[in-house]
Amino acid sequence: MAIEINSVLGQRENTHGDFSSNSTLTMELLQICKKQIEFGLLPKPIQFAIFMILHKTSRAICGDHKYSDHWVDIQGYANLAMKASQTGGFDID
């Protein structure tokens with residue numbers, strides 16, 4: 001099991017970048033957003049979508065920007081946020 005997880009982690013580091021760098025950048029970007037009063041007023045699903053977009057952006061910066069899953073995931077979270085905004089589908093709380 002330890003060998004399998006080490007293999008997965010090694011692969012992820014190639015595509016997502018160093019965990020420490022990625023997590024630090026993600027949290028720094030989130031802190032910038034949280035400084036805006038309006039961010040806290042957004043529905044939780046929108047806040048979460050923004051967090052995930054920041055996280056995926058961080059992976060593209062710290063890891064392999066050519067890895068298409070980063071960009072597909074960003075599109076997916078943006079699409080979910082747009083649909084929730086348009087339909088008022090915020091019943092996740």
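What the table shows:
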item	result
Pairs, first assigned to a helix (DSSP H, G or I) in the range 40-67, second open to solvent by less than 60 Å² (accessible area, probe 1.4 Å) and charged (D, E, K, R), C-beta under 6 Å, six or more apart	Lys56/Asp73
Scan of the range 41-87 for residues that are of a type in the set (A, V, I, L, M) and farther than 26 Å from Glu13 by Cα, ordered by number	Leu41, Leu42, Ile46, Leu80, Ala81, Met82, Ala84
Matching option when the condition is open to solvent by 40 Å² or more (accessible area, probe 1.4 Å), modelled with pLDDT under 95 and part of a helix (DSSP H, G or I), among Gln75, Gln11	Gln11
Residue satisfying condition, being modelled with pLDDT of 95 or more and aliphatic (A, V, I, L, M), within set Ile50, Ile3	Ile50
Every residue from the range 20-39 that is open to solvent by 80 Å² or more (accessible area, probe 1.4 Å) and part of a helix (DSSP H, G or I)	Met27, Glu28, Gln31, Ile32, Lys34, Ile37, Glu38
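The values are calculated or read from the model by the stated rules, or taken from the named source; none is laboratory data. Source: prediction; values computed, not measured. Cβ atoms come from the backbone with ideal geometry, glycine included; neighbour counts cover every protein chain shown. In case anyone asks, the SASA skips ligands and DNA or RNA and just uses the protein heavy atoms, side chains included. Shrake-Rupley method; radii C 1.70, N 1.55, O 1.52, S 1.80 Å.
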